[in-house]
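Q: The structure's right below; bear with me while I get my questions together.
The values are calculated or read from the model by the stated rules, or taken from the named source; none is laboratory data. Computed from a predicted structure; not experimentally measured. Neighbour counts run over all protein chains shown; Cβ positions are idealised from the backbone, glycine included. Protein only, heavy atoms only, side chains kept; ligands, DNA and RNA dropped before computing areas. Shrake-Rupley method; radii C 1.70, N 1.55, O 1.52, S 1.80 Å.
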Amino acid sequence: MFGAGGGTSSYREAEETNVIILWGSNARETHPIFFHHLLRGVRSGARLIAVDPRRTSSAEWADVWLGIDVGSDIALANAMAREIIHAGLHDKEFIARATTGYEDFARCVEAYTLERAEAETGVPAAAIKEVALDFARAERGMICWTLGITEHHNATDNVLALINLGLLTGKVGRYGCGLNPLRGQNNVQGGGDMGAIPARMPGFQDLEDPAIHDKFAKAWGGAKFPDRKGWHLSEMFEAMERGELRSAYIVGENPARSEADQTRAVRLLSGLEHLVVQDIFLTQTAELAHVVLPAAAGWAESEGTVTNSERRVQRVRRALEPPAGARDDIDIISDIAQRLGSDWGNPTAEEVWDECRSLSPMHAGMAYRRLDELGGIQWPCPDESHPGTQFLHARLWKDPVEGPRAPFFAVEHDPPVDRLSEEFPIRLTTGRRLDSFNTGVQTGEYTSPLRKREALLISPEDGARLGVEDGESVRVSSRRGSVEVSVRFEPTLRPGLAFMTLHFPDQVSTNVLTIDATDPKSGTAEFKASAIRIDKLAPVS
């Protein structure tokens, strides 16, 4: 954000802040390391506010839980902003000096009265006002979010609505303040940092900037490579549907099970002329491939680096040799390059990293030696005398501001695409649990005392209304397909809301139900908001 694609704060700051808003994040189960830092803050007196449709295990620790209706985050954020402005608690000096677009933003949020917000979100007006004023009055405050904000058809606007609150109250660019997306998987941050984004080179440098493109081309011996933005994942599937994308090389991803509208995803992957999958397991996607390249496990069988949600780059060291037939990703990719006519030799992980930091200014000072000595370094780190950067955007507090000012964005409430109706009256939202990970490829083969079979979690009130028993098998249908699954009553769910995970696709193909309505800016599908119907199964005669 504001030109840097990472969270603004350090984990330590969560221990020393005054208010933490955990928005669309069950961090207790999905980000347990960060949650321990957050709890230290709570035990030191920080006020924790949880914004989540479910009363999650994270919300159990909160001073206030705002049980928001799925997909109404912008209405809530805008109403909070309006209350802060009307109370005169917005940071007028910071806004005037360090931001742009405030007038348009203020006009936009004026329409979001507490009464309208209560109607849109299901959160009582008094609770909205209380949280808004608490956050504004706090000397230090942080907003942290995860997929509950970003897995929507308007994901980018959701994030912008939260950023607006940080700017409005001057809670960015200072210690103990910040805007923090908690990354959903290990090294997601590192993948983005390295340019695994359609329009970015390593260090978030703009691919379409001729000077940046020329810098990389020169470093790579005059290599020719695209100078225009490519497709993100959702656009790739759209291109498959049009027949424009006929070949794919998939590394460490299982889209045959992780994509929304799974039936469509499998159909399109199966129709490719050439599919290559490079992975540590024979996933459901690999089973569709023409070529499978067995890879080493990055966390134990490879050398390299990972980057966490506080932008800390850390070393990964090989503890085990890969099993017979599996190879390090760098070796596989280098051999493919050679067969395509480019001899890269046999680079080590450190040599690849040194090339990266020679081209990415924000990584320039992160030699392996320093990463070892300092236990990791937070970017940006421009040279080898720099200690790394604990929090971002301190420049916004300089007078005059260094670099561009931070923009407000006027964003409007836009409800989920998959509307509730008489035929599909229940809102299904999806997520993760503490003991499992994504489509279960890395966790499904071991047991856990925490683990239960996949089930459709519904409120006891919905169970009674539908005439189903706890543990009974039912048919769950959306506008895209149906699955059979057992019901489990969950008292922390409100009537009209259901929950499932993606962890056990061999038991239940949850993504048969989800919708692939996609945010045009980020390419993220609306996993968090599907409309479903629950039917009793006909008795077996």
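Q: For region 408-432, name all the residues that are among the acidic types (Asp, Glu), open to solvent by 20 Å² or more (accessible area, probe 1.4 Å) and either under 30 Å from GLY444 (Cα atoms) or touching a Lys or Arg at 6+ places or on another chain (Cβ under 8 Å) (or both).
A: Correct list: GLU423 only.
Q: Let me ask something else about it. Considering ARG311, ARG264, ARG327, ARG317, which residue is of a type in the set (Lys, Arg) and open to solvent by less than 30 Å² (accessible area, probe 1.4 Å)?
A: Criteria check complete, one pass: ARG311.
Q: With region 204-298 as the region, which helices (runs of 4 or more DSSP H) entirely inside it contain at least 3 residues that are touching a Ser or Thr at 6+ places or on another chain (Cβ under 7 Å)?
A: Once the helices (runs of 4 or more DSSP H) in region 204-298 are filtered for at least 3 residues that are touching a Ser or Thr at 6+ places or on another chain (Cβ under 7 Å), what remains is 255-258.
Q: While we're on this one: Residues to consider are ARG28, ARG47; find the one that is under 28 Å from GLU120 (Cβ atoms), open to solvent by 50 Å² or more (accessible area, probe 1.4 Å) and either of a type in the set (Val, Ile, Thr) or touching a Phe, Trp or Tyr at 6+ places or on another chain (Cβ under 7 Å) (or both).
A: Result of the check over ARG28, ARG47: ARG28.
Q: Going through region 330-347 one residue at a time, which ones are within 17 Å of GLY252 (Cβ to Cβ) and open to solvent by 50 Å² or more (accessible area, probe 1.4 Å)?
A: Matches in region 330-347: ASP331, ILE333, ILE336.
Q: Of the residues that sit in region 201-228 and are touching a residue at least 24 places away in the same chain (Cβ under 8 Å) and under 27 Å from the mean Cα position of the chain (by Cα), which one is nearest to VAL352 (Cα to Cα)?
A: Among those residues, the one meeting the criterion is PRO202.
Q: Out of the residues in region 477-491 that are touching a Lys or Arg at 6+ places or on another chain (Cβ under 9 Å), of a type outside the set (Asp, Glu) and in contact (Cβ under 8 Å) with a residue 40 or more places away in the chain, state the one that is farthest from GLU423 (Cα to Cα).
A: ARG480
Q: Residues LEU275, LEU282: which one is aliphatic (A, V, I, L, M) and open to solvent by 60 Å² or more (accessible area, probe 1.4 Å)?
A: That would be LEU282, the only listed residue that is aliphatic (A, V, I, L, M) and open to solvent by 60 Å² or more (accessible area, probe 1.4 Å).
Q: What is the one condition in (1) assigned to a loop (DSSP other than H, G, I, E, B); (2) in contact (Cβ under 8 Å) with a residue 60 or more places away in the chain; (3) in contact with a Phe, Trp or Tyr (Cβ under 9 Å, 6 or more places away or on another chain) that LEU428 does not satisfy?
A: Among (1) assigned to a loop (DSSP other than H, G, I, E, B); (2) in contact (Cβ under 8 Å) with a residue 60 or more places away in the chain; (3) in contact with a Phe, Trp or Tyr (Cβ under 9 Å, 6 or more places away or on another chain), LEU428 violates only (1).
Q: To continue, here is another question. Please work out which residue is most open to solvent (accessible area, probe 1.4 Å), limiting yourself to region 223-261 and to residues that are more than 20 Å from THR501 (Cα to Cα) and among the hydroxyl-bearing types (Ser, Thr, Tyr).
A: So, considering only residues that are more than 20 Å from THR501 (Cα to Cα) and among the hydroxyl-bearing types (Ser, Thr, Tyr), the one most open to solvent (accessible area, probe 1.4 Å) is TYR249.
Q: In the set GLY45, GLY5, which member is part of a loop (DSSP other than H, G, I, E, B) and in contact with a helix residue (DSSP H, G or I) (Cβ under 6 Å, 6 or more places away or on another chain)?
A: Residue meeting the stated conditions: GLY5.
Q: Among residues belonging to region 406-422 that are among the small types (Gly, Ala, Ser) and in a loop (DSSP other than H, G, I, E, B), point out the one that is nearest to LEU179 (Cα to Cα).
A: This residue is ALA410.
Yes or no, residue by residue, for (1) of a type in the set (Phe, Trp, Tyr); (2) in the same structural domain as ALA59 (by TED's automatic domain parsing); (3) part of a strand (DSSP E or B); (4) open to solvent by less than 10 Å² (accessible area, probe 1.4 Å):
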residue	(1), (2), (3), (4)
VAL441	no, no, no, no
GLY444	no, no, no, no
ALA464	no, no, no, no
ARG480	no, no, no, no
VAL485	no, no, yes, yes
ARG488	no, no, yes, no
ALA498	no, no, yes, yes
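Q: As an exercise: evaluate ARG405 against (1) open to solvent by less than 50 Å² (accessible area, probe 1.4 Å); (2) closer than 24 Å to THR100 by Cα; (3) of a type in the set (Lys, Arg) and give the number of the one condition it does not meet.
A: (1)
Q: Conditions: (1) under 31 Å from the mean Cα position of the chain (by Cα); (2) free of Cβ contacts under 8 Å to residues at least 60 places away in the same chain; (3) surrounded by 15 or more Cβ atoms within 10 Å (Cβ to Cβ). SER360 meets all but one. Number of the miss?
A: Result: SER360 fails condition (2) only.
Q: Need the failing condition index for GLU16 against (1) touching a helix residue (DSSP H, G or I) at 6+ places or on another chain (Cβ under 8 Å); (2) over 27 Å from PRO124 (Cβ atoms); (3) without any contact (Cβ under 8 Å) to a residue 60 or more places away in the chain, just the number.
A: With respect to (1) touching a helix residue (DSSP H, G or I) at 6+ places or on another chain (Cβ under 8 Å); (2) over 27 Å from PRO124 (Cβ atoms); (3) without any contact (Cβ under 8 Å) to a residue 60 or more places away in the chain, GLU16 is out only on (3).
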